[in-house]
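One structure is given below, encoded as structure tokens.
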Amino acid sequence: MKKLIAGMLLLTLLLVSAAAETAAPRVLVAYLSRAGENYNVGTAREGSASAAYAGYIEKGNTAMMAAVIAEISGGDLFEIRTVTPYPEDYASMLQVAQEEIDTDARPELAAKVENMADYDVVFIGYPIWHGRMPQAILSFIEGYDLSGKTVIPFNTHEGSGQSGTQQVLEQVLPDSTVLQGLAVRGKMAQEDPEEMRAQIEPWLEGMQMKRVRTDAANEVLATYKAIQQAMIDKDIGTLDRLYLEGTTFTHMSGKKQTKAEFFGEIADGTLNYYAYDIQNPEITVDGDEAALSASVTLKAKVYGSSGSWTLPVRAHFTKINGQWIAHN
Ligand SMILES: Cc1cc2nc3c(=O)[nH]c(=O)nc-3n(C[C@H](O)[C@H](O)[C@H](O)COP(=O)(O)O)c2cc1C
């Protein structure tokens, strides 16, 4: 009970609002990609039958594209791997891919996305093989219920572009919203990552899938971190500066404290903070107003109880004289 009360009091510091906020869409970036010998990229290997036009790469082209999409969209990466790995050798790979097409194969996959239900948006990435998407992409799609989700294709190629795969996805996913995909040259992914990024960014922005923080959002996050650090350091001067006058701190129990009361308990050792960790911060900025929501873990000793608490946080900020200030 004591711990519970302490936990409730902690909420005070986090300016928690019980009201549910609209969460940002959860994004998965699933992709199939092959390292090894590939067309028009990498370093030619002596003895390879394809050395004149294919070289070895450490990381697949589509994997490179997927990493940038995940970074910018804030999505989780998932590599689609087959139980039987694909050959590294280019000539053998051409053959294996052709056989899979000829038999309309559904190669068995090595791992599953256990929490697919949690995702609203699923990017699906692949190379073009003989003018198509790899058959293993169909294995992936058929392994889940993607109805109601937004599906966004992306692919790499060496000249075929999307090669009709957009239409294939629209056909096999009639109950999903399939948005316009993006095709990038494999060679560009390998050799000009900045140009690839320059193509990916506006495409994601156009679909409102860009979650990279703006400078203002970074300032808000930095201010929130400064508050957490000031609580640890018992730096009342900084806390006083970063909280708006008149801010009240409401306990889950309903008890309210003023700034002076709250800071007083930090200063006199009633409330002690040792460490904080901010997970999945989402920041929205509208002019001089901002809101931050996150899951925050605090290690603390409050009213004699020690513990570590993870709590949902919603904090509001206003920019005054160039500084973001927290308030209710
Ligand atoms: C088996 C195979 C077939 C391919 N067929 C085509 C094709 O039809 N059209 C094309 O533009 N590129 C084709 N390519 C090139 C790949 O699409 C390109 O290298 C791609 O970027 C590879 O991505 P990855 O490194 O992620 O596997 C083929 C490559 C392989 C290995």
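The values are calculated or read from the model by the stated rules, or taken from the named source; none is laboratory data. Worth saying up front: this structure is predicted, and the values here are computed from it rather than measured. Backbone-built Cβ (ideal geometry, glycine too); neighbour counts: all protein chains shown.
Among helices (runs of 4 or more DSSP H) lying entirely in the range 128-192, which contain 3 or more residues that are assigned by TED's automatic domain parsing to the domain that holds Ala117 and within 11 Å of the ligand (Cβ to nearest atom)? Give the steps one after another, and end with the answer.
Numbers: elements: 135-142, 165-172, 186-191.
Once the helices (runs of 4 or more DSSP H) in the range 128-192 are filtered for at least 3 residues that are assigned by TED's automatic domain parsing to the domain that holds Ala117 and within 11 Å of the ligand (Cβ to nearest atom), what remains is 186-191.
Here is a list: Ala44, Ala63. Which entry is within 16 Å of the ligand (Cβ to nearest atom) and either modelled with pLDDT under 95 or of a type in the set (Asp, Glu) (or both)?
On the way: Ala63 fails: either modelled with pLDDT under 95 or of a type in the set (Asp, Glu) (or both).
Step by step, each of Ala44, Ala63 is checked, and only Ala44 is within 16 Å of the ligand (Cβ to nearest atom) and either modelled with pLDDT under 95 or of a type in the set (Asp, Glu) (or both).
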Checking Glu100 against (1) at pLDDT below 95; (2) surrounded by 18 or more Cβ atoms within 10 Å (Cβ to Cβ); (3) among the acidic types (Asp, Glu), only one condition comes out false. Which one?
(1)
Examine the range 74-91 for a residue that is closer than 16 Å to Val184 by Cβ and either among the hydroxyl-bearing types (Ser, Thr, Tyr) or in a strand (DSSP E or B) (or both), and state whether such a residue exists.
no
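From Met65, Met93, which residue is assigned by TED's automatic domain parsing to the domain that holds Arg197, more than 15 Å from the chain's Cα centre (by Cα) and touching a residue at least 24 places away in the same chain (Cβ under 8 Å)? Walk me through how you get there before you give the answer.
Details: Met65 fails: more than 15 Å from the chain's Cα centre (by Cα).
Testing whether each residue is assigned by TED's automatic domain parsing to the domain that holds Arg197, more than 15 Å from the chain's Cα centre (by Cα) and touching a residue at least 24 places away in the same chain (Cβ under 8 Å) leaves just Met93.
Kindly establish whether Leu32 is touching a strand residue (DSSP E or B) at 6+ places or on another chain (Cβ under 7 Å) and either aliphatic (A, V, I, L, M) or modelled with pLDDT under 90 (or both). So that I can check it myself, show each step before the final result.
Details: touching a strand residue (DSSP E or B) at 6+ places or on another chain (Cβ under 7 Å): yes; either aliphatic (A, V, I, L, M) or modelled with pLDDT under 90 (or both): yes.
In short, yes.
Quickly run through the range 112-127 and pick out the residues that are of a type in the set (A, V, I, L, M, F, W, C) and either over 20 Å from Ala67 (Cα atoms) or more than 15 Å from the ligand (Cβ to nearest atom) (or both). If you could, list the steps in order and put the result at the bottom.
Our first condition is that a residue be of a type in the set (A, V, I, L, M, F, W, C); within the range 112-127, this holds for 113, 116-117, 121-124.
Passing the criteria: Val113, Met116, Ala117, Val121, Val122.
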Residue hits (the range 50-85; out of contact with any Phe, Trp or Tyr (no Cβ under 8 Å at 6 or more places or on another chain) and loosely packed, with under 15 Cβ neighbours inside 10 Å) are Ala52, Glu58, Lys59, Val83, Thr84, Pro85
